[in-house]
Amino acid sequence: MNRDIYQEPLVSRYTSPEMQELFSERFKFTNWRRCWVALAEAQHELGLSLVTQEMVDELKSHVEDIDFEIASAKEKEIRHDVMAHVYAYGLQCPKAEAIIHLGATSQFVVCNTDLLIQTKALRLIKTAIINVIAQLSDFCLKYKDMATLGFTHYQPAQPTTVGKRNTLYIQDLLMDLDSIENLEKQVKARGAKGTVGTQATFLELFQGDHAKVRQLDKLVSQKLGFDTVFAVTGQTYPRKLDMKTSETLAGIGSSAHKFAVDMRLLSNLKVQEEPFAKKQVGSSAMAYKRNPMRSERMTGLARKLMGLPANFAATASNQWFERTLDDSAIRRMDMAQAFLLTDAILKLYINITSDMVVYPKQIERYLRAELPFMSTEKILMACVERGESRQDIHEVIREHSVAAGLAVKEMGVENDLLSRLAQDDRIPFSQDELEGLMSNYQEFTGRATEQTQEFIDEVVSPVLQNYSTMIGTVDSSLKV
């Protein structure tokens with residue numbers, strides 16, 4: 001590492017080697033050469049006499065051994081990256097030098113390679129999401145019965161279960177998975193379309209044979225590994241696709257952000273935490289602290305990711321007619337960043353969900369503090385069964401509830417509502433009996449347990465089965 005210049009944190013600290021490789025210079029320029037090989041090979045197979053098998057074989061033999069120094073020096077001279085690499089390739093392939101890039105425009109290699117990279121990157125993202133879902137699914141089943149206080153407006157609400165709460169995160173991720181699957185259907189090859197998308201140069205090469213030009217387009221795309229090709233393009237593939245890609249990735253960021261913020265709130269309550277390494281330092285000053293640093297990092301990275309779609313929307317809407325070059329510089333940064341950010345976020349998501357910690361006693365403490373209020377309807381019904389007037393008991397409970405709540409807030413005392421009710425002669429129950437009415441927390445969680453099991457069995461498990469080969473294939477460790 002050169003410590004005298006800026007280092008991109010997404011690379012040096014946060015992302016996987018697999019994602020970094022896809023956006024590396026070597027991967028890009030090697031695939032440029034694969035594009036040139038596919039074009040030459042397809043032209044030869046379709047009978048273009050200018051391109052011989054010997055030329056194609058020579059091109060194939062030098063796909064991997066790029067002389068980056070020669071290409072870089074040439075680019076400084078001519079200020080054109082594609083032609084610099086055509087030059088470098090030509091030096092290594094003297095027999096084929098004359099037909100490299102024949103009939104193509106720069107975006108033939110740039111766009112088709114970008115689409116190849118994005119196809120592979122989406123596969124990595126999908127794999128990571130599947131692994132997060134699998135881990136959350138196990139967690140949901142493990143804690144499907146554990147009652148915990150629910151919150152609305154971050155105020156105590158009816159109890160749910162720890163497992164049910166985590167099904168909500170899975171549901172968000174399943175929607176993200178659907179978006180990826182839909183996006184994958186829209187990612188197609190740019191193919192061999194020529195300078196402004198009309199294939200005029202290829203039509204000239206094949207002496208006006210429209211059928212062969214159409215076949216060339218499909219054949220090149222197939223050789224590059226694509227099942228489909230955009231029917232029409234300008235000079236580039238439609239930048240609308242970049243916008244849809246960024247929206248899909250930002251959606252994943254939104255899902256992760258929601259989970260991470262909830263984890264930070266739960267950590268503050270000391271009821272559930274992310275993993276904490278044995279020698280991890282929470283604070284340089286406060287040695288006792290266990291800060292939710294991974295969830296905080298997820299929040300920050302997701303915030304950055306969620307802001308990127310605006311750039312892609314602006315780029316797509318500013319492509320004048322067949323193309324303008326103001327898409328180039330920003331796409332070099334934002335496309336890589338969108339995928340790297342998503343990769344970093346999902347690595348954190350996988351790491352956190354691999355070993356989340358739950359504190360049952362702390363959960364019970366919050367339940368006991370709030371359930372007396374929530375059990376008042378149950379107490380009311382029990383009193384009516386003992387022959388009391390519903391309206392009279394309702395007023396008694398209201399009086400004591402208001403007084404108990406005020407005491408908790410103003411005096412900082414424990415919730416003593418049950419004690420107040422037991423001491424009131426109008427309530428036909430002792431304190432032990434009232435305690436018994438709220439002793440089974442599970443009775444307050446409705447169908448949370450059943451919903452969790454049904455959701456995993458009917459919705460999640462079929463998805464995991466469909467992608468079973470992906471599960472367990474992602475490293476859950478972090479660099480820092």
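Where a number appears in this text, it was derived from the coordinates with a stated rule and is not lab data. All values reported here derive from a predicted model rather than from experimental measurement. We place every Cβ from the backbone using ideal geometry, glycine too, and count neighbours over all the protein chains shown.
Using C-alpha pairs below 8 Å separated by at least 6 residues, the relative contact order for region 352-480 is 21 percent.
Measure up LYS120/LYS240; LYS28/LYS347; LYS188/LYS223; LYS258/LYS409; LYS120/LYS223; LYS188/LYS244 against 21 Å on the Cα-Cα distance and list the ones that go over. Listed pairs above 21 Å: LYS28/LYS347; LYS258/LYS409. For the chain, adding -39500 (n - 2.57) for each run of n ≥ 4 DSSP H residues and dividing by the number of residues yields -20000 deg cm²/dmol at 222 nm.
Averaging Cα coordinates gives a centre for region 1-69 and one for region 315-380; these two points are 34 Å apart. Taking Cα atoms, how many degrees apart are the long axis of helix 106-142 and the longest axis of the chain, rounded to 10 and kept between 0 and 90? Long axis of 106-142 versus the principal axis of the chain: about 20 degrees.
Measure up LYS76/LYS218; LYS185/LYS479; LYS164/LYS270 against 30 Å on the Cα-Cα distance and list the ones that go over. Violating the 30 Å limit, Cα to Cα: LYS76/LYS218; LYS185/LYS479. For the chain, take the longest principal axis of its alpha carbons; what is the angle in degrees between that and the long axis of helix 81-92, to the nearest 10 within 0 to 90? In the chain, helix 81-92 runs at an angle near 50 degrees to the longest axis.
The alpha carbon centroids of region 102-130 and region 200-245 are separated by 15 Å.
Rounded to whole numbers, the Karplus 3J(HN,Hα) couplings from phi for region 423-432 are 7, 8, 4, 6, 9, x, 9, 7, 5, 4 Hz, using 6.51 cos²θ - 1.76 cosθ + 1.60 with θ = phi - 60°, and x at Gly and Pro.
Scalar couplings 3J(HN,Hα) for region 12-21, obtained by applying the Karplus form with A = 6.51, B = -1.76, C = 1.60 to θ = phi - 60°, are 6, 10, 10, 9, 7, x, 5, 6, 4, 4 Hz; x denotes Gly and Pro. Near the amide H of PHE151, within less than 5 Å, lie the amide hydrogens of ALA157, all on another chain or at least 5 residues away, with H placed in the peptide plane. Close amide H pairs (under 5 Å, H built 1.01 Å from N) link ALA189 with THR228, VAL229, PHE230, residues at least 5 positions away or on another chain. Dividing the mean sequence gap of close Cα pairs (under 8 Å, 6+ apart) by how many residues region 376-437 holds gives a relative contact order of 29 percent. Taking label positions 7 Å along the Cα-Cβ direction at both HIS394 and ASP209, the computed distance is 8.8 nm, reported to one decimal. Secondary structure note: in the chain, about 90% of the DSSP beta bridges are antiparallel.
Across the chain, the relative contact order, built from alpha-carbon pairs under 8 Å that are at least six residues apart, equals 19 percent. Subtracting the Cα-Cα distance of LYS304 and SER72 from their residue separation scaled by 0.36 nm leaves 80.4 nm.
A simple rule links phi to the HN-Hα coupling: the Karplus curve 6.51 cos²θ - 1.76 cosθ + 1.60 with θ = phi - 60°, which for region 332-340 gives 4, 8, 6, 5, 5, 4, 4, 6, 5 Hz, with x for Gly and Pro.
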